[in-house]
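Take a look at the structure set out below.
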Amino acid sequence: MFASRSGAAKLSLLLVLGLIGLKVVVGVITGSVSVLAQAADSFLDLFGVVITLFAVNIATKPADAEHPFGHGKVEDIAAVVQAVLIFVAAVAIIYSAVRRIITGTVVELTEAGIGVMAVSIIVSIFLSRHLFRVSRTADSVALEANARNIAADVYSAAGVLVGLVVIRFTGLSIIDPIIALLVALVILKSAYDVLRRSFGGLIDIRLPGAEEHIIRAAIIEHVGELVDFHRLRTRKAGRQRYIDLHLVVPKDLSVEKAHELCDHLEQDIKSKLRHASVTIHVEPCSEECDQCPLPPHKRRRKS
């Protein structure tokens with residue numbers, strides 16, 4: 001039920017809503033800015049989950065007349081929006097923590113804060129691992145961004161937990177806003193990671209080197225049938241990979257054989273890279289070459 005992209009997003013929605021309620025109540029009761037910072041972070045996670053759910057539902061729609069390349073970039077847009085929201089939350093936390101340091105406020109009922117942070121850590125570990133697993137299986141950048149957001153909660157919640165334990169035994173309430181500042185730094189790092197990953201999809205950055213190596217290796221496997229290839233271009237929109245290249249074939253190769261070669265090569269690439277759309281432009285070999293990789297009987301004969 002929760003193994004699909006939409007199912008994982010719905011699970012996130014349910015769990016994050018529960019964490020927000022707990023953190024807000026305990027933050028108000030204890031007066032802890034670090035717990036309230038965690039509540040704000042979770043509230044931004046809620047926005048992220050809603051955006052992810054919306055994006056995943058649109059991204060899974062097939063290509064249509066108005067969107068011939070599909071709707072995959074919606075996931076990249078959703079991830080950018082999440083990054084902006086995370087950044088805003090971090091700035092708000094920094095502002096609140098600095099004000100708390102200046103004015104000074106005593107943290108009370110630290111036991112409640114310790115309990116809710118422990119619950120938050122356990123839930124966040126479970127949820128982030130599940131989201132990472134589903135995002136890898138479904139190749140979803142939006143789910144991965146969501147997973148990174150929630151994984152960051154584990155570290156920040158652990159910091160808040162340690163801070164509350166120290167306050168419980170020492171009474172040093174100044175530790176609370178200091179921990180909140182550290183939480184904000186973790187959140188900023190998470191925002192940067194999400195933005196860097198998703199922005200590449202929006203500006204059509206090429207596929208990773210490892211994936212392009214797979215494409216080149218698949219082409220080279222057919223070296224006995226083709227002469228050369230060039231102008232390899234790759235990009236990614238959401239989970240969809242787009243690949244196009246120019247394939248040089250013997251000049252006397254029939255249209256039917258050239259088409260069969262392209263079909264075979266396309267299937268080879270798709271079997272190695274999921275969600276790949278391959279476009280191949282066929283070009284005839286222009287001249288005789290002693291370095292031609294084709295066997296002599298397949299080379300174009302001089303007229």
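The values are calculated or read from the model by the stated rules, or taken from the named source; none is laboratory data. Because the structure is a prediction, the values reported are computed rather than measured. Cβ: placed from backbone, ideal geometry, glycine included. Neighbour counts: every protein chain shown.
For this structure, a couple of remarks:
- Pair list, Cβ under 7 Å, 6 or more apart: the stretch 123-137 residue under 15 Å from Ala79 (Cβ atoms) and touching a residue at least 12 places away in the same chain (Cβ under 8 Å), other residue surrounded by 14 or more Cβ atoms within 10 Å (Cβ to Cβ) and among the β-branched types (Val, Ile, Thr): Leu131/Ile150
- Flag if Lys257 is assigned by TED's automatic domain parsing to the domain that holds Cys285 and without any contact (Cβ under 8 Å) to a residue 24 or more places away in the chain: yes
- Residue within the stretch 130-143 that is surrounded by fewer than 20 Cβ atoms within 10 Å (Cβ to Cβ) and among the polar types (S, T, N, Q) present: yes
- Pairs with Cβ under 9 Å, 6+ apart, first in the stretch 89-104 and in contact (Cβ under 8 Å) with a residue 24 or more places away in the chain and not assigned by TED's automatic domain parsing to the domain that holds Ala37, second assigned to a helix (DSSP H, G or I) and aliphatic (A, V, I, L, M): none
- The number of residues in the stretch 136-164 being more than 13 Å from Ile125 (Cα to Cα) and either of a type in the set (A, V, I, L, M, F, W, C) or outside the structural domain of Ala79 (by TED's automatic domain parsing) (or both) comes to 9.
- Test: Lys251 is touching a Lys or Arg at 6+ places or on another chain (Cβ under 7 Å) and not β-branched (Val, Ile, Thr): yes
- Selection status of Phe2, in contact with a strand residue (DSSP E or B) (Cβ under 8 Å, 6 or more places away or on another chain), part of a loop (DSSP other than H, G, I, E, B) and either of a type in the set (Phe, Trp, Tyr) or modelled with pLDDT under 80 (or both): no
- Qualifying positions in the stretch 242-254 - over 16 Å from Ile220 (Cβ atoms) and modelled with pLDDT of 85 or more: Tyr242, Asp244
- Test result for Glu225, acidic (Asp, Glu), surrounded by fewer than 23 Cβ atoms within 10 Å (Cβ to Cβ) and either part of a loop (DSSP other than H, G, I, E, B) or at positive phi (or both): yes
- Among the residues of the stretch 104-129, those that are among the hydroxyl-bearing types (Ser, Thr, Tyr) and either surrounded by fewer than 19 Cβ atoms within 10 Å (Cβ to Cβ) or at pLDDT 80 or above (or both) comprise Thr105, Ser120, Ser124, Ser128.
- Residues that are of a type in the set (Asp, Glu) and under 27 Å from Asp76 (Cβ atoms) were ranked within the stretch 237-288; the one that is nearest to the chain's Cα centre (by Cα) is Asp244.
- Residue that is buried (at least 21 other Cβ atoms within 10 Å of the Cβ), at pLDDT 85 or above and either out of contact with any Pro (no Cβ under 8 Å at 6 or more places or on another chain) or outside the structural domain of Ala97 (by TED's automatic domain parsing) (or both), where the choices are Ile179, Ile215, Ile167: Ile215
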